[in-house]
Amino acid sequence: MASKKKPTFSAVSSRSGGSLTPWLGIAFIVILLDQITKITITRMFSLGEEKPITGFFNLVLAYNKGAAFNFLSDQSGWQRYLFAGIAIAAVCFIIYLLRKHAGQRTFCWALALIMGGALGNLIDRIAHGHVIDFLDFYWRGLQHFPAFNIADTAISIGAFLFIVDELRRVNKH
């Protein structure tokens with residue numbers, strides 16, 4: 001009598017042999033840190049309230065109805081759905097890329113950070129109709145850089161890693 005193997009749990013894997021689990025885990029950590037910091041700031045601050053931390057950095061509660069650098073924030077509200085749709089499409093595409101290239105570490109780190117940031121901001125858009133920003137950097141005597149959050153930071157680091165990975169790939173050929 002032949003013995004049958006019982007199916008065992010295994011991490012979600014891709015055709016390239018790598019697992020999606022670490023990349024999804026990184027995205028989840030970004031979302032968790034992003035949402036915890038946003039909840040904390042909204043409980044401690046009122047809209048527009050600033051707390052100086054250093055001579056170039058404040059904590060401030062700001063709402064962004066637009067995209068990066070408040071792009072389209074002055075519109076009537078349709079941009080909420082546009083940016084939510086873009087985020088959903090981006091996450092779907094990122095999951096496809098992670099499945100296809102799960103073994104490429106730098107590339108997948110970049111994608112996981114971008115995906116976590118996109119989902120963190122998507123949660124805000126769905127729950128509040130705007131993104132909660134609170135990190136305010138400035139240079140004395142000059143204007144403040146637009147406020148941002150942990151999700152935006154993850155997206156920026158992911159974009160930087162993506163560029164580094166592409167430059168390394170190009171230089172190999």
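Quick look at the numbers
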quantity: Pick from region 89-118, criterion outside any helix (DSSP H, G or I) and surrounded by fewer than 19 Cβ atoms within 10 Å (Cβ to Cβ), ranking: modelled with the lowest pLDDT; calculated: Gly103
quantity: Extreme residue, farthest from Ile36 (Cα to Cα), among residues of region 133-173 that are among the basic types (Lys, Arg) and part of a helix (DSSP H, G or I); calculated: Lys172
quantity: Flag for Thr153 being open to solvent by 20 Å² or more (accessible area, probe 1.4 Å), touching a helix residue (DSSP H, G or I) at 6+ places or on another chain (Cβ under 9 Å), polar (S, T, N, Q) and closer than 30 Å to Ile53 by Cα; calculated: yes
quantity: Matching residues in region 119-137 - criterion: being surrounded by fewer than 20 Cβ atoms within 10 Å (Cβ to Cβ) and closer than 24 Å to Phe56 by Cα; calculated: Phe137
quantity: Tally, over region 22-69, of residues that are farther than 19 Å from Ala127 by Cα, in a strand (DSSP E or B) and open to solvent by less than 90 Å² (accessible area, probe 1.4 Å); calculated: 4
quantity: Residues of region 94-120 satisfying the condition of being in contact (Cβ under 8 Å) with a residue 60 or more places away in the chain and either of a type in the set (Ser, Thr, Tyr) or touching a strand residue (DSSP E or B) at 6+ places or on another chain (Cβ under 7 Å) (or both); calculated: Ala102, Thr106
quantity: Residue check, Arg140 in contact (Cβ under 8 Å) with a residue 12 or more places away in the chain, over 15 Å from the mean Cα position of the chain (by Cα) and open to solvent by 20 Å² or more (accessible area, probe 1.4 Å); calculated: yes
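The values are calculated or read from the model by the stated rules, or taken from the named source; none is laboratory data. Here the structure is a predicted model, which means the values were calculated and not measured. All Cβ positions, even for glycine, are placed from backbone atoms using ideal geometry, and neighbour counts span all protein chains on display. Just so you know, the surface numbers come from the protein's heavy atoms only, side chains and all, with ligands and any DNA or RNA stripped out. Shrake-Rupley method; radii C 1.70, N 1.55, O 1.52, S 1.80 Å.
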